[in-house]
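**Q** For reference, the structure I am asking about is given below.
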Amino acid sequence: MTGQRRDDPGESGPGPYSGLFGAVPDTYSYQATTPKQVKVASVISLGLGAMCLLLAALTVTSAGDQISEVLTGSRGNTPIAAAATLVCAVIYMVPAIYLRKRRPWSRYVLIAVAAMGIAGGVMALPAGLLGLAIHVTLLVLMLQQPTKLWFHHR
């Protein structure tokens, strides 16, 4: 800044339309770190997978008949109910793990799982309100711009 005035147009510095503290505003640029949307979505998905694992473990206990009646509609289908809950756990947990590793397919799988969860929640209203809210949150997180950009800039 030798001999230049502060308001000289030749000086490179923050202008009247610059971002916070004079930085160039760039709201949705490439992020080297994992976006918070991806972190939250992976935690939600891991939590849902853990609940499926817990349900699978409870299915093989003495409560298995009641759980299989709720899941399949009849008692005595404990092996089918246990297998279904294990598949559910895998469908939630595997994409959640690979989401943090920046695998695009995991984002698409979670979008599909969230869409199916939303459909199931709508059909189970009003009892499925919590599941509907969780799956809507998961879908919104996967469709936000920072998440899209993070997966597209590998």
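The values are calculated or read from the model by the stated rules, or taken from the named source; none is laboratory data. Model, not experiment: these values are computed from the prediction. Virtual Cβ from ideal backbone geometry, glycine too; neighbours counted across all protein chains shown. Accessible surface is based on the protein model in full, side chains and every heavy atom, while ligands, DNA and RNA are left aside. Shrake-Rupley method; radii C 1.70, N 1.55, O 1.52, S 1.80 Å.
**Q** Pull out all pairs, ordered by first then second residue, where Cβ-Cβ is under 8 Å, the residues are six or more apart or on different chains, the first lies in the range 98-110 and is touching a residue at least 24 places away in the same chain (Cβ under 8 Å), and the second is of a type in the set (Phe, Trp, Tyr).
**A** Hits for this filter: ARG102/TRP150; ARG102/PHE151; PRO104/PHE151; ARG107/PHE151.
**Q** Kindly evaluate VAL38 against the criterion of being buried (at least 18 other Cβ atoms within 10 Å of the Cβ), under 26 Å from the mean Cα position of the chain (by Cα), modelled with pLDDT of 85 or more and among the β-branched types (Val, Ile, Thr).
**A** Working: buried (at least 18 other Cβ atoms within 10 Å of the Cβ): yes; under 26 Å from the mean Cα position of the chain (by Cα): yes; modelled with pLDDT of 85 or more: yes; among the β-branched types (Val, Ile, Thr): yes.
In short, yes.
**Q** Here's another thing I want to ask about it. Only one of (1) modelled with pLDDT under 90; (2) over 30 Å from LEU149 (Cβ atoms); (3) in contact with a helix residue (DSSP H, G or I) (Cβ under 9 Å, 6 or more places away or on another chain) fails for ALA63. Which number is that?
**A** All conditions are met except number (3).
**Q** Name every residue in the range 85-122 that is open to solvent by 40 Å² or more (accessible area, probe 1.4 Å) and closer than 14 Å to LYS39 by Cα, in order of residue number.
**A** MET93, ILE97, TYR98, ARG100, LYS101, ARG103
**Q** Working only within the range 123-142, note down all residues that are assigned to a helix (DSSP H, G or I), open to solvent by 80 Å² or more (accessible area, probe 1.4 Å) and more than 17 Å from GLY49 (Cα to Cα).
**A** At the first step, the residues of the range 123-142 found to be assigned to a helix (DSSP H, G or I) are 123, 129-142.
Still in the list and also open to solvent by 80 Å² or more (accessible area, probe 1.4 Å): 123, 129-130.
Of everything in the range 123-142, those that are assigned to a helix (DSSP H, G or I), open to solvent by 80 Å² or more (accessible area, probe 1.4 Å) and more than 17 Å from GLY49 (Cα to Cα) turn out to be MET123, LEU129.
**Q** With open to solvent by 40 Å² or more (accessible area, probe 1.4 Å), at pLDDT 85 or above and not in a loop (DSSP other than H, G, I, E, B) as the only criterion, which of ALA56, ALA50 stands out? Quick ask: steps written out before the conclusion?
**A** Details: ALA56 fails: open to solvent by 40 Å² or more (accessible area, probe 1.4 Å).
The unique qualifying residue is ALA50.
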